[in-house]
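Worksheet for the structure shown next.
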Amino acid sequence: MLYGEAAYIKEFAEAALTSFKEFQDNYILFLTNRDEVNFRKAGHKIKPVAQMLGLGLIIEEYEQGKVLIWEEGSDSEIKTSCKKMDDICTKVLEELKDIAK
């Protein structure tokens, strides 16, 4: 898709860095506030990139977050989901930083 061109790969990684950092922050904010509307907007924005990169863990945890909002999950469950997503995104961001160098 990026034709193996280093410039395209670097540009994509830099754009993905911005998207994943924004998602990481918004996931925690909107899930903690149980703000379904903005939580879903954040998820819809990151899903295509996550799918393209084969990051099923992000999509799975996002879907779990929606369930926690719908089923009024406990604060402990919300905190656990936020921590899990934070850890996943931190790892993704580290890998993207390496690619963008």
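FYI, it's all coordinate maths here, none of it is from the lab. None of the values given here were measured: they were computed from a predicted structure. Ideal geometry is used to build each Cβ from the backbone, glycine not excepted, and the neighbour counts take in all protein chains shown.
Considering each residue of the stretch 48-76, count those that are over 14 Å from F23 (Cβ atoms) and either more than 17 Å from the chain's Cα centre (by Cα) or among the β-branched types (V, I, T) (or both), and give that number.
Here the count works out to 9.
Starting from the stretch 77-92, keep only residues that are surrounded by 14 or more Cβ atoms within 10 Å (Cβ to Cβ), then list their pairs with residues that are assigned to a helix (DSSP H, G or I) and among the β-branched types (V, I, T) whose Cβ atoms are within a distance under 6 Å, requiring at least 6 positions of separation or different chains.
Correct list of pairs: C82/I28; I88/I58.
In the stretch 38-59, is there at least one residue being farther than 23 Å from A100 by Cα and of a type in the set (D, E, K, R)?
For the stretch 38-59, residues farther than 23 Å from A100 by Cα and of a type in the set (D, E, K, R): present.
Of all residues being free of Cβ contacts under 8 Å to residues at least 24 places away in the same chain and farther than 28 Å from A15 by Cα in the stretch 42-71, which is surrounded by the most Cβ atoms within 10 Å (Cβ to Cβ)? Just the residue, please.
V67
Test D35 against the criterion of being farther than 14 Å from I88 by Cα and among the acidic types (D, E), and give yes or no.
Taking the combined requirement at face value, the residue satisfies it.
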